[in-house]
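Colleague: Before I ask anything, let me first share the structure, which is written out below as structure tokens.
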Amino acid sequence: MDPVETDRPQGSEKVESSGHQEKVLLIELQVREYISGFLWLGLLFALTAGLKVSLDSSPEATAVSVSKAPWVFGAIQWMLQRWPAWLSGWVIPLLSTAVLVTLPWWARKVGKRWAWIIFLILSLIWVGLTLLYMFTG
Amino acid sequence: MGKHNNSFTGHMRPRQIMAGALRLRATFCLGGFSFLAFIVLTITGVLLLFYYQPGERAFASLSELDSVLPYGGLIRSLHFWAGQLMVITVFLHMVRVVWSRAYRPLKELNWLTGVALFGLTVMLDYSGYLLRGGQESGSAATVGQALFRLLPGGQALATIFFGQPTPQNGSTIGMYVWHVFILAGVAGFLQLFHFWRIRRGSGVRPL
Ligand code: HEM
């Protein structure tokens, strides 16, 4: 329990309305945080119990031909298998990062709707390539 | 205890918040889930440190941990799944932030902090994968090293980031130091900064 909250006045749910935004006590948020936190931990334990994390191939075993990227780099691996390494491994990831970094600036320049569209297209490409790599190899 | 508003906790957790921020739609709890994942990762990661040995013994130490040590497999699985979930929740949190246009002024610095945190989270997942020490990690390290060698001074950079892995085993002391101390440490610090900035931007404002 948050020490800040221990001496909270009882029974006054809505504390004050300041300006245009109504305010409520922090405990209202904390209750939601606890519930969703437990749900999230439930999911984590379900995954842990249900899906065994395998060990990889032992370095002592005969070499198996593995060229597997962890899924987080699946999109990059997908591109590496097709295009030159400097492009797939550096230029495209760095350009994408640059777009992310400058998104607030883009929003001012081209408007929030376009910033959202740019972000969405970028994300869909990366997520799409990741899934493509994961499920088609 | 009453006058906490000037204290650090009082600042991070003010007594009152805006009613609209309670709506699930305001955050989908995704930032919170990411932080929860980080806490689970820190606890299980510290426990793994007691047994894991980077380098040549990496694979053997993990397979002992998995099969012989009581609850070793559980701790390792929790660490693995929390890591994968964290990448997903951090990404979805970023989508939520863009959707609610929360990157606008006052929050721009937090947006930048966030982009850095996203990068760190992905790097932590990758470096963790290399620490598994199997042949797969060896080949993932080989790809990473090859990319660094494309840069000027690339060989030196590759050694700084990867140490000297073999194609059969990506786990090295260097990668261990990056994963456990540098990347995780910087990510932890940036998260605290991130939370502090959220309050400086006067909390989450619902759309
Ligand atoms: C380790 C990863 C991260 C953690 C633990 C984290 C945590 C949080 C939390 C708890 C909040 C409060 C509201 C919410 O839960 O949505 C928040 C807000 C925010 N986060 Fe993150 N975050 C992370 C990564 C990111 C990333 C990748 C971005 C974007 C690139 C980002 C940008 C922001 C911004 C701009 C806010 C303010 C949102 C608002 O005022 O509505 N964060 N973060």
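The values are calculated or read from the model by the stated rules, or taken from the named source; none is laboratory data. Note that the structure is a prediction, hence the values are computed from the model and not measured. Reconstructed Cβ throughout: ideal geometry from the backbone, glycine too, with neighbour counts over all protein chains shown. Surface areas here come from the heavy atoms of the whole protein model, side chains and all, with no ligands, DNA or RNA. Shrake-Rupley method; radii C 1.70, N 1.55, O 1.52, S 1.80 Å.
Colleague: Among the residues of the stretch B:113-129, is there at least one that is of a type outside the set (A, V, I, L, M) and modelled with pLDDT under 95? Outline the logic, then answer.
Modeller: Let us first name the residues in the stretch B:113-129 that are of a type outside the set (A, V, I, L, M), namely B:113-114, B:118-119, B:121, B:125-129.
Subset that is modelled with pLDDT under 95: none.
No - not one qualifying residue is present in the stretch B:113-129.
Colleague: Failed condition for B:V98, given (1) more than 10 Å from chain A (Cβ to nearest Cβ); (2) within 9 Å of the ligand (Cβ to nearest atom), with all others met?
Modeller: (1)
Colleague: How many of the residues making up the stretch A:53-76 are within 7 Å of chain B (Cβ to nearest Cβ) and not aromatic (F, W, Y)?
Modeller: Here is the first cut: in the stretch A:53-76, the ones within 7 Å of chain B (Cβ to nearest Cβ) are A:53, A:55-59, A:63-64, A:66-70, A:72-73.
Still in the running and not aromatic (F, W, Y): A:53, A:55-59, A:63-64, A:66-70, A:72.
Result for the stretch A:53-76: 14.
Colleague: Going through the stretch A:60-89 one residue at a time, which ones are at pLDDT 85 or above and in a loop (DSSP other than H, G, I, E, B)? Quick ask: steps written out before the conclusion?
Modeller: Step one: filter the stretch A:60-89 for residues at pLDDT 85 or above, giving A:70-89.
Correct list: A:P70, A:Q81, A:R82, A:W83, A:P84.
Colleague: Check B:F118, B:F50 and return the single one that is within 24 Å of A:F73 (Cα to Cα), without any contact (Cβ under 8 Å) to a residue 40 or more places away in the chain and either open to solvent by 60 Å² or more (accessible area, probe 1.4 Å) or within 16 Å of the ligand (Cβ to nearest atom) (or both). Quick ask: steps written out before the conclusion?
Modeller: Values: B:F50 fails: within 24 Å of A:F73 (Cα to Cα).
Answer to the check: B:F118.
Colleague: Against the conditions (1) away from the ligand (no atom under 15 Å from the Cβ); (2) at pLDDT 95 or above; (3) surrounded by fewer than 22 Cβ atoms within 10 Å (Cβ to Cβ), where does B:T172 fall short? Just the number, please.
Modeller: B:T172 satisfies all of (1) away from the ligand (no atom under 15 Å from the Cβ); (2) at pLDDT 95 or above; (3) surrounded by fewer than 22 Cβ atoms within 10 Å (Cβ to Cβ) except (3).
Colleague: A follow-up question, please. Within the group A:L129, A:L44, which residue is assigned to a helix (DSSP H, G or I), more than 7 Å from chain B (Cβ to nearest Cβ) and either over 27 Å from B:L150 (Cα atoms) or out of contact with any Pro (no Cβ under 6 Å at 6 or more places or on another chain) (or both)? Working first, answer last.
Modeller: Numbers: A:L44 fails: more than 7 Å from chain B (Cβ to nearest Cβ).
Result of the check over A:L129, A:L44: A:L129.
Colleague: Filter the stretch B:120-137 down to the residues that are facing chain A (nearest Cβ under 7 Å), part of a helix (DSSP H, G or I) and not β-branched (V, I, T) and list them by number.
Modeller: Step one: list which residues in the stretch B:120-137 are facing chain A (nearest Cβ under 7 Å), which gives B:122, B:125-126, B:129, B:132-137.
Now restrict to residues that are part of a helix (DSSP H, G or I): B:122, B:125-126, B:129, B:135-137.
Matches in the stretch B:120-137: B:D125, B:Y126, B:Y129, B:Q135, B:E136, B:S137.
Colleague: Are any residues in the stretch B:89-119 more than 11 Å from the chain's Cα centre (by Cα), part of a helix (DSSP H, G or I) and among the hydrophobic types (A, V, I, L, M, F, W, C), and if so, which ones?
Modeller: B:F91, B:L92, B:M94, B:V95, B:V97, B:V98, B:W99, B:L109, B:W111, B:L112, B:V115 - these are the residues of the stretch B:89-119 that are more than 11 Å from the chain's Cα centre (by Cα), part of a helix (DSSP H, G or I) and among the hydrophobic types (A, V, I, L, M, F, W, C).
Colleague: Okay, next question. For B:F38, indicate whether it is within 11 Å of chain A (Cβ to nearest Cβ) and at pLDDT 95 or above.
Modeller: Details: within 11 Å of chain A (Cβ to nearest Cβ): no; at pLDDT 95 or above: yes.
In short, no.
Colleague: Can you name the condition, by its number, that A:G111 falls short on among (1) open to solvent by 40 Å² or more (accessible area, probe 1.4 Å); (2) more than 23 Å from B:V90 (Cβ to Cβ)?
Modeller: (1)
Colleague: I'd like the full set of residues that are within 17 Å of B:D125 (Cβ to Cβ) and touching an Asp or Glu at 6+ places or on another chain (Cβ under 9 Å), limited to the stretch B:157-205.
Modeller: B:G170, B:S171
Colleague: State yes or no: is B:L151 within 11 Å of chain A (Cβ to nearest Cβ) and in a loop (DSSP other than H, G, I, E, B)? Lay out the reasoning, then the answer.
Modeller: Numbers: within 11 Å of chain A (Cβ to nearest Cβ): yes; in a loop (DSSP other than H, G, I, E, B): yes.
Considered against the rule, which asks whether it is within 11 Å of chain A (Cβ to nearest Cβ) and in a loop (DSSP other than H, G, I, E, B), B:L151 comes out as yes.
Colleague: Okay, next question. Among the listed residues A:L103, A:L95, A:L80, identify the single one that is within 22 Å of the chain's Cα centre (by Cα) and either open to solvent by less than 50 Å² (accessible area, probe 1.4 Å) or in contact (Cβ under 8 Å) with a residue 24 or more places away in the chain (or both). Show your work before the answer.
Modeller: Details: A:L95 fails: either open to solvent by less than 50 Å² (accessible area, probe 1.4 Å) or in contact (Cβ under 8 Å) with a residue 24 or more places away in the chain (or both); A:L80 fails: within 22 Å of the chain's Cα centre (by Cα).
A:L103 is the lone residue from the list that is within 22 Å of the chain's Cα centre (by Cα) and either open to solvent by less than 50 Å² (accessible area, probe 1.4 Å) or in contact (Cβ under 8 Å) with a residue 24 or more places away in the chain (or both).
Colleague: Looking only at residues in the stretch B:59-78 that are open to solvent by 40 Å² or more (accessible area, probe 1.4 Å) and either assigned to a helix (DSSP H, G or I) or free of Cβ contacts under 8 Å to residues at least 12 places away in the same chain (or both), which one is farthest from the other protein chains (Cβ to nearest Cβ)?
Modeller: Restricting attention to the stretch B:59-78, the residues satisfying the condition of being open to solvent by 40 Å² or more (accessible area, probe 1.4 Å) are B:64, B:67-71, B:74.
Adding the requirement that they be either assigned to a helix (DSSP H, G or I) or free of Cβ contacts under 8 Å to residues at least 12 places away in the same chain (or both) leaves B:64, B:67-68, B:70-71, B:74.
On the way: B:E64: 11, B:S67: 9, B:V68: 13, B:P70: 16, B:Y71: 11, B:L74: 7 Å.
Of everything passing the filter in the stretch B:59-78, B:P70 is farthest from the other protein chains (Cβ to nearest Cβ).
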